[in-house]
């Protein structure tokens, strides 16, 4: 793509509505599966922000293996899903890279799925707690313009609406997928998996219920590669199979093996029970269970003169000696069991007001990460290692909301919010890493955070064409019970507390039929997570520590949106800007000796850009639907006193360009075909933009195409064949993304 392509895409996107406004035949009606949208979520479509809805019909027309796939073609959005079943699929949006998970919120029927105990690759939403089978629709909000949501909404807020049946319903599906993965190091091959799901539900009188079961079994491609630098014992073993390589900053390295070749088995079960207590009061209860068992295998590329694998020690390759650490190819495993409890009570009054109470608990009943100390052949069988245990961690939330008319021109929203996050992490040595944690404590950290909030938001329609939204969210944040320990002792941290007020404002003008112009402002305060405050260690000569005095991120955000609706769709253009003070990011403080690498506050970052989006049905010919988007982003670090090399550099993991195109064509009765293309432009992984080699460890630009052919071959029966990454593009998000993946599915619906 040339440097002029983004501008041409934007011009084409803006011109397309006028060309299509009068074209085509009348739109055909589409029958959707019954969807119950609960009162706890309705505010998401009534807030002064850019919103995008992904319907169940669209999800059926694209390749969906996990609930994270629902966002694949949302404008200016990317989910870091590296392979099918990736538990670390972080959302990246307008102002957040793929290591800033705490700048997004994901709810399912008002129940929080976002892991706000940490902020990073391991803080992804708990996508596995919602199966694709449950989803009725997904709404996406951009920016912190609603007082109804906490400061983590400064990036993206995702609301998943699940289905409750209005009659007897049942479904079953089976998927098989096969990935054709290739790399430059020697781990290429086929990585296969399968996925089965079923649901059964009914509504009888005042009661409705839905039981769903989901099981995913997949073999992923390598997530990491074992590397070595030149140097070591001169008495080295000559080997073959190594690859001379450069890291993203251009330094030479030797790639000698593949790590984290994960086989994951994930099982999910969900029971939802709804009851109409009276004609005006309803309740919904949710019980969710998710279990993950993952084995991370390793593979050495090295062979000695006798053809035997070499996994550790001193080797000779490319005329140099290299030293391979014993743990470089050590295997690992994860065992997790999570539980979700949720209850919602909502009702309506005679005066038009609605009220809602939602409470939830998400708990880590089991959360063990097991690591061996030895490589194959001994390591996979057992032997010494370590076990990290996060059991007992989790979060609780409570929301009380009300909304209704006030006079003839005001709509008022008011509510209270409370949450608590608990994180306890303990690492023990183990004589057998597959057995009990029978060794001494080698490291631990723990802490709690708590937020209490109250909000008020008023939408004043002061004329037929104008509306003014004013709101504010008051929050009281507390961090307490923080501690860190290692084999030599323990340290406790003092409690902290602060209050913040986040104002919101928006002005909307419907200046012509089906045309709207909206200017929105929102302040957001994103508080540090438990892990950011209290997690840390000491490594070699550098302190890899934590800072319990971190400041919260403070975002002042603006959005100007022009939108037009017409008979067969809509289009919009948005200008946006975020100025974020004290952004939280891991960096090295070069102003002290020894240097300190940890989560620090970056003084000031600015993120701004322009988005264009269009959605059309029955384009040119009946049966062809089209959605497209393009975004030009400008993300800069303006001031960073602790790491001046980052100043005026591009902020990591936010691309200059994001674009997508999705077309679906219903070309015959019972048949439809779709094609989707996603483009992500140049981006960096380092704050100083020193990474310029597109290799393992880099963050790549990419263009990826997906396709699907779907056939309803009999009443209630559907078969499909899809492919992700059609051209088998090779691209990185530090780790390699999946290669070409074929997805076959057969499903039955009652």
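Each value in this text was obtained by applying a stated rule to the coordinates, not by laboratory testing. Since the structure is predicted, the reported quantities are computational estimates derived from the model, not experimental observations. Virtual Cβ from ideal backbone geometry, glycine too; neighbours counted across all protein chains shown.
Below is a table of values for the structure above.
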read-out: Efficiency of FRET from Cβ geometry, residue 648 and residue 452, R₀ 45 Å, rounded to 0.05; value: 0.70
read-out: Residue order, fewest to most beta carbons within 10 Å, for 225, 176, 585; value: 176, 585, 225
read-out: Extension gain from residue 53 to residue 281, taking 0.36 nm per residue of separation minus the Cα-Cα distance; value: 79.4 nm
read-out: Least to most buried among 596, 277 (fewest other Cβ within 10 Å first); value: 277, 596
read-out: FRET E, pair residue 233, residue 265, Förster distance 51 Å, beta-carbon r, rounded to 0.05; value: 0.80
read-out: Efficiency of FRET from Cβ geometry, residue 641 and residue 488, R₀ 30 Å, rounded to 0.05; value: 0.40
read-out: Value at 222 nm in deg cm²/dmol, rounded to 500, when DSSP H runs of n ≥ 4 in the chain each add -39,500 (n - 2.57); value: -1000 deg cm²/dmol
read-out: Difference of contour (0.36 nm per residue) and Cα-Cα distance, residue 166 to residue 289; value: 41.9 nm
read-out: Alpha-carbon centroids, region 380-402 and region 580-634: separation in whole Å; value: 29 Å
read-out: Protection-proxy order for peptides 432-443, 644-655, each taking the mean of Cβ atoms within 10 Å per residue, highest first; value: 644-655, 432-443
read-out: Angle in degrees between helix 5-20 and the longest Cα principal axis of the chain, rounded to the nearest 10; value: 20 degrees
read-out: Nitroxide proxy distance, nm - points 7 Å out along Cα→Cβ at residue 472 and residue 431; value: 6.4 nm
read-out: Ordering of 509-522, 351-364 by burial proxy (mean other Cβ atoms within 10 Å per residue, highest first); value: 351-364, 509-522
read-out: Exposure proxy order (Cβ contacts within 10 Å, fewest to most) of 561, 323; value: 323, 561
read-out: Estimated inter-spin distance, residue 592 and residue 465, nm [label 7 Å along Cα→Cβ]; value: 5.9 nm
read-out: Cα-projected label distance for residue 400 with residue 682, points at 7 Å along beta-carbon direction, nm; value: 5.4 nm
read-out: Diffusion coefficient, µm² s⁻¹, Stokes-Einstein with Kirkwood Rh over alpha-carbon pairs of the chain at 37 °C and 0.692 mPa s; value: 120 µm²/s
